[in-house]
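Okay, so here's the structure we're looking at.
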Amino acid sequence: MATKNLSVQNFFTATLAEACLSSDTVIYLNEVPAPTEGYLVISPDDPQLKEIIYYTSVNIGSGTVTCPSVNEGRGVGGTIAKAHSIGETVKMNVNAEYWKEIQAGRAIADDAIALRHLLVYPKIITANTSAYTTLVLPGSYTLVEGSVFATFTVPFKCDAICNVHFTTDRGNTTGSETSVKLRIYKDGVLHVDFGGWPFSLWDAAQYSHWNMAEVTNFVPGSTYTIKCGASDSSARTLIIRYAKIIMTLIPTE
């Protein structure tokens with residue numbers, strides 16, 4: 001895995017100063033590259049011998065570059081670690097491995113802003129039926145939780161800005177206040193309980209409302225489920241007819 005030291009030297013060309021085996025991690029060159037970490041291609045023009053290596057240190061005195069290990073440094077990028085002869089050409093060609101490390105944000109200097117932290121990833125979760133869920137509220141602001149709204153996963157560690165839209169129908173009980181919550185579970189355990197968005201209806205009608213909230217610490221490998229909940233000062237039946245969440249995922253590392 002690359003670090004912020006990963007770099008490229010334009011037009012670098014050298015030759016092997018000594019033969020090497022497929023198991024060698026120290027590679028002798030007649031000239032070493034300036035970057036202390038990078039990728040080199042041995043015999044790039046020979047389809048039988050070409051091999052990409054990844055090195056993490058340079059020794060000018062001994063004329064060597066050192067790979068972190070055979071598995072991590074030899075035969076990378078879909079090539080195969082091979083034995084090479086003295087005099088074979090070595091070049092610092094730009095390859096896909098550089099792009100992968102930059103894309104992943106690992107090869108970004110400390111004083112730079114990783115591009116991936118400027119990106120947002122919209123995830124739209126919608127339940128849109130004639131009656132997504134019906135909640136029988138006993139009153140006294142007792143919370144009743146509805147059925148599962150949606151299930152989702154995330155591809156990376158992140159926080160999220162959630163824009164929530166509900167359309168509800170409170171029936172014919174008037175003169176009280178209903179509060180709607182959103183609950184997110186992580187692997188079956190409550191991860192966050194947010195909302196408590198109140199609204200008052202003084203007649204029997206549907207009501208549409210938007211809210212926004214920040215949710216933190218989503219991690220890949222876990223399954224998240226979303227449920228709606230509600231409470232009311234009076235006993236009533238609440239129908240949530242439409243529910244939609246637009247989650248903007250913000251990478252945290």
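Values quoted throughout were computed directly from the atomic coordinates according to the rules given, and no laboratory measurement underlies them. For clarity, every value in this text was computed on a predicted model and none was experimentally measured. Positions of Cβ are generated from backbone atoms using ideal geometry, with glycine treated the same way; all protein chains shown enter the neighbour counts.
Rounded, prolate or oblate for the range 13-117? Axes are the square roots of the Cα gyration tensor eigenvalues, ordered a ≥ b ≥ c, and the cut-off for rounded is a/c under 1.5.
It comes out prolate by the Cα gyration axes.
Can you tell me the FRET efficiency between Glu18 and Thr79 if r is taken as the Cβ-Cβ distance and R0 is 25 Å, rounded to the nearest 0.05?
E(calc), rounded to 0.05, equals 0.80.
Roughly how many nanometres apart are two label points built 7 Å out from the Cα toward the Cβ at Ile239 and Val70?
So the two model labels end up 6.9 nm from each other.
Can you tell me which lysines have their Cα less than 21 Å from the Cα of Lys186? Leave out same-chain residues fewer than eight positions away.
The qualifying lysines are Lys123, Lys157, Lys227, Lys244.
So between Asp187 and Val136, what do we pick up on full extension, going 0.36 nm a residue minus the alpha carbon distance?
15.7 nm
Which lysines, if any, have their Cα less than 21 Å from the Cα of Lys50, not counting same-chain residues under 8 positions apart?
Excluding near neighbours in sequence, the set is Lys82, Lys91, Lys100.
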